[in-house]
There are 2 protein chains.
Amino acid sequence: MSEALDNEVGKAGLMVPLDLGAKGSCHIGGNVATNAGGLRLLRYGSLHGSVLGLEAVLADGTVLDCLTALKKDNTGYDIKQLFIGSEGTLGIITKVAIACPTRPKSINLALLAVPSFEGVINVFGKAKENLGEILSSCEFMDNQSMDCVTGNLNLRSPLSSSSFYMLIETSGSNTEHDEEKLQHFLDSMLSNGMVTDGTVASAPSKQREVWQLRERLAESLLVDGYCYKYDISLPLAVFYQAVIHMRERLGSSVVRCVGYGHVGDGNLHLNVTTKQYSQEVMDLIEPFLYEWTAKYRGSISAEHGLGFKKRNYIGFSKSQAAVNIMHSIKQVFDPQGILNPYKVLPDK
Amino acid sequence: MSEALDNEVGKAGLMVPLDLGAKGSCHIGGNVATNAGGLRLLRYGSLHGSVLGLEAVLADGTVLDCLTALKKDNTGYDIKQLFIGSEGTLGIITKVAIACPTRPKSINLALLAVPSFEGVINVFGKAKENLGEILSSCEFMDNQSMDCVTGNLNLRSPLSSSSFYMLIETSGSNTEHDEEKLQHFLDSMLSNGMVTDGTVASAPSKQREVWQLRERLAESLLVDGYCYKYDISLPLAVFYQAVIHMRERLGSSVVRCVGYGHVGDGNLHLNVTTKQYSQEVMDLIEPFLYEWTAKYRGSISAEHGLGFKKRNYIGFSKSQAAVNIMHSIKQVFDPQGILNPYKVLPDK
């Protein structure tokens, strides 16, 4: 499991540059095959940057050795990149070399109440400016999300009610410096009114409590009944409008329509719940939401991939010329189409 | 030019996550096509991580639009990655979207004298530990390199003579914190004897002076006459042995054999000079150096690419299965072989 891997490299003072809600059950091969993103991509970048090498078994049984552990290697095309995010359709990843950054000595987490989404964007901008190199996560959730996770799972929010909440995490090498930066940042946000309430968790146990509000959100939505899950990337300028439009469109036909996610990476989790599955609700969401996302050149799948269900929607985020090339590449690696068939690529 | 681009994004408080000696003459399209590395890859990662999207014109005239500016997008294979480092053999890059980090407010540069290469590795390890998130560059040069740049270009080193020198740069958001971290790091390195002499440049003009010693090295080598240039990646444990072996092998047949480069990224520039080109010297270097590099699973071209001269040496760093796939990919993008012919890929 990825968590076991992180514990292992921790013994050498390092960390896996990837942190997922599913870290207790997912495996690194799968993480690479799906180009998993997670909570700290903002700081450590995507797997396209941190995977140094890999070994994959191809459809014809060839063991493809791209397993160097070098940070720099410009000898030919970087074909290992194709496996990152290919969801097992080009080969099975059997080994991975990944660059592990130094494990931070000091981690702090702030939970903030922010009155508007415009405010969320401004606070994120100020965090980049003032926290700079120690900013390691910038998440947001709306009040409907907070209501769901506290109400459905009986958790408690330490803050007074607000339209939006942000989790801002810092990771650094010097506790004193980090706390000073964070305190200065919070003081200035509170004094100019961008943030109306806030709490800082320094103890690991307190941090875990705060993270639960964000990490158990997906679980809490399932308590409502059925959950329609969307994972889209959008420019920040129109980011939360997706939720507002969808909420208006769905009205009282749903239990709730919530927005949360990796605002620091432009990645929105827009989820809708109903008591049970409703085709009528589904028809209101799709393809409307995909069309809306495409209009702003967003991605209809930021980190979850296309799999079986979304493969025929690839055209909302990729040009036909790009899809044609993907088909040709699939043909190169797996001419018989035996690897994870009916996934990722649309029918021709 | 990349420098003009950096100045432009600087107006928005951002920076281009790439810094090259050639920044005054290179262009961003070429940087991406060659997957340029440079002095700050250690901090900002490779272009495979920071290029968000690109547009390329293919051999048949198709304009391939992969120009999203999203940090996260898992919709199909990430085909833009193939263009990064393909040296113009798969298509011509015409537009690029690149993630630009916040421009640091505080930059410091230390030049250190280190008695042994083992010491260089140790100082790098301590820099990662103590400077952590503000470390933005870690370069080294041997005393033969320093002799060359000072002697041939009439520059002055501010340090007493030493076997090795390191340039350690920090970039951060808080001047006071950064200076405290760097000072503490230097004090501990000087007091334990890992570093025997050192100077810190805070003023930009002083920093430019110190960077000249590293950045004008390639230029200074040409003053000797002819320069045989090698750009290899190696595991740090055997990194400098490449220079020692080569120096022994070449003996007095050359003017000098020097080692310098991006030690923080495992990237060695091993350069040899003679008064004029000598086939005898060339035969002593190649293929010996490539074989030696391959023995340690290094890369025979860390950041300079294969081009025309090194394409038939690709087998020293890539498996035959990988090369076969590269040929197939070239066939997909450019079946007539009209794009930058005779480059990157070996004859079949």
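The values are calculated or read from the model by the stated rules, or taken from the named source; none is laboratory data. Model, not experiment: these values are computed from the prediction. Reconstructed Cβ throughout: ideal geometry from the backbone, glycine too, with neighbour counts over all protein chains shown. Ligands, DNA and RNA are excluded from the accessible area calculation, which covers all protein heavy atoms including side chains. Shrake-Rupley method; radii C 1.70, N 1.55, O 1.52, S 1.80 Å.
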I need the full set of residues from the stretch A:9-57 which are at pLDDT 95 or above and among the acidic types (Asp, Glu), in order please. A:Glu55
Boolean, A:Asn122 is within 20 Å of A:Leu186 (Cβ to Cβ), modelled with pLDDT under 95 and assigned by TED's automatic domain parsing to the domain that holds A:Thr199: no
Selection within the stretch A:23-45 - within 11 Å of another protein chain (Cβ to nearest Cβ) and without any contact (Cβ under 8 Å) to a residue 24 or more places away in the chain: none
Please find, within the stretch B:298-340, the residue that is nearest to A:Leu67 (Cα to Cα) out of those that are more than 9 Å from chain A (Cβ to nearest Cβ) and touching a residue at least 60 places away in the same chain (Cβ under 8 Å). B:Gly307
Would you point out which residue out of B:Ile98, B:Ile79 is more than 9 Å from chain A (Cβ to nearest Cβ) and modelled with pLDDT of 95 or more? B:Ile98
For the stretch A:125-244, please list each of the strands (runs of 3 or more DSSP E) lying entirely inside it that holds at least 1 residues being touching an Asp or Glu at 6+ places or on another chain (Cβ under 6 Å) and more than 17 Å from A:Asp265 (Cα to Cα). A:164-172
If A:Ser163 meets every condition in (1) over 30 Å from A:Arg297 (Cα atoms); (2) surrounded by fewer than 17 Cβ atoms within 10 Å (Cβ to Cβ); (3) hydroxyl-bearing (Ser, Thr, Tyr); (4) in contact (Cβ under 8 Å) with a residue 24 or more places away in the chain apart from one, which number is that one? (1)
If we ask which residues in the stretch B:173-198 are touching a Leu at 6+ places or on another chain (Cβ under 7 Å) and open to solvent by 30 Å² or more (accessible area, probe 1.4 Å), their number turns out to be 2
Please find, among B:Lys295, B:Lys275, the residue that is farther than 21 Å from B:Tyr226 by Cα and away from chain A (no Cβ under 11 Å). B:Lys295
Tell me the helices (runs of 4 or more DSSP H) entirely within the stretch B:279-340 that contain at least 2 residues that are assigned by TED's automatic domain parsing to the domain that holds B:Phe239 and touching a Phe, Trp or Tyr at 6+ places or on another chain (Cβ under 6 Å). B:288-295
For the stretch A:8-17, check the following and say yes or no: at least one residue is among the acidic types (Asp, Glu) and facing chain B (nearest Cβ under 9 Å). no
From A:Thr102, A:Thr170, grab the single residue that is under 30 Å from B:Lys181 (Cα atoms) and open to solvent by less than 10 Å² (accessible area, probe 1.4 Å). A:Thr170
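Can you tell me how many residues in the stretch A:129-187 are away from chain B (no Cβ under 14 Å) and either among the charged types (D, E, K, R) or over 23 Å from the mean Cα position of the chain (by Cα) (or both)?
Qualifying residue count for the region: 12.
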Hey, can you tell me all the residues within the stretch A:24-37 that are out of contact with any strand residue (DSSP E or B) (no Cβ under 8 Å at 6 or more places or on another chain) and open to solvent by less than 10 Å² (accessible area, probe 1.4 Å)? A:Asn31
Do we find that A:Leu221 is out of contact with any Leu (no Cβ under 6 Å at 6 or more places or on another chain) and surrounded by 23 or more Cβ atoms within 10 Å (Cβ to Cβ) in this structure? yes
Quick count over the stretch B:224-245, residues being within 17 Å of B:Gln279 (Cα to Cα) and either among the aromatic types (Phe, Trp, Tyr) or buried (at least 22 other Cβ atoms within 10 Å of the Cβ) (or both), is 3
Which of (1) over 24 Å from the mean Cα position of the chain (by Cα); (2) facing chain B (nearest Cβ under 9 Å); (3) surrounded by 24 or more Cβ atoms within 10 Å (Cβ to Cβ) is the odd one out, the single condition A:Ala56 does not satisfy? (2)
Boolean, A:Lys348 is under 26 Å from the mean Cα position of the chain (by Cα), open to solvent by 20 Å² or more (accessible area, probe 1.4 Å) and not assigned by TED's automatic domain parsing to the domain that holds A:Ala22: no
Regarding B:Tyr296, is this residue surrounded by 14 or more Cβ atoms within 10 Å (Cβ to Cβ), of a type in the set (Ser, Thr, Tyr) and over 21 Å from B:Leu217 (Cα atoms)? yes
Looking at (1) closer than 22 Å to A:Ser299 by Cβ; (2) modelled with pLDDT of 95 or more, find the lone condition where B:Thr68 falls short. (2)
Of the conditions (1) open to solvent by 60 Å² or more (accessible area, probe 1.4 Å); (2) assigned to a loop (DSSP other than H, G, I, E, B), A:Asn7 satisfies every one except a single condition; which number is it? (2)
Name, by its number, the condition in (1) surrounded by 15 or more Cβ atoms within 10 Å (Cβ to Cβ); (2) more than 27 Å from A:Ala59 (Cα to Cα); (3) not small (Gly, Ala, Ser) that does not hold for B:Pro341. (1)
Can you find, within the stretch B:59-76, the residue that is nearest to the other protein chains (Cβ to nearest Cβ) among those that are more than 18 Å from A:Tyr313 (Cα to Cα) and surrounded by fewer than 20 Cβ atoms within 10 Å (Cβ to Cβ)? B:Thr62
Checking B:Asp147 against (1) buried (at least 22 other Cβ atoms within 10 Å of the Cβ); (2) over 24 Å from A:Gly13 (Cα atoms), only one condition comes out false. Which one? (1)
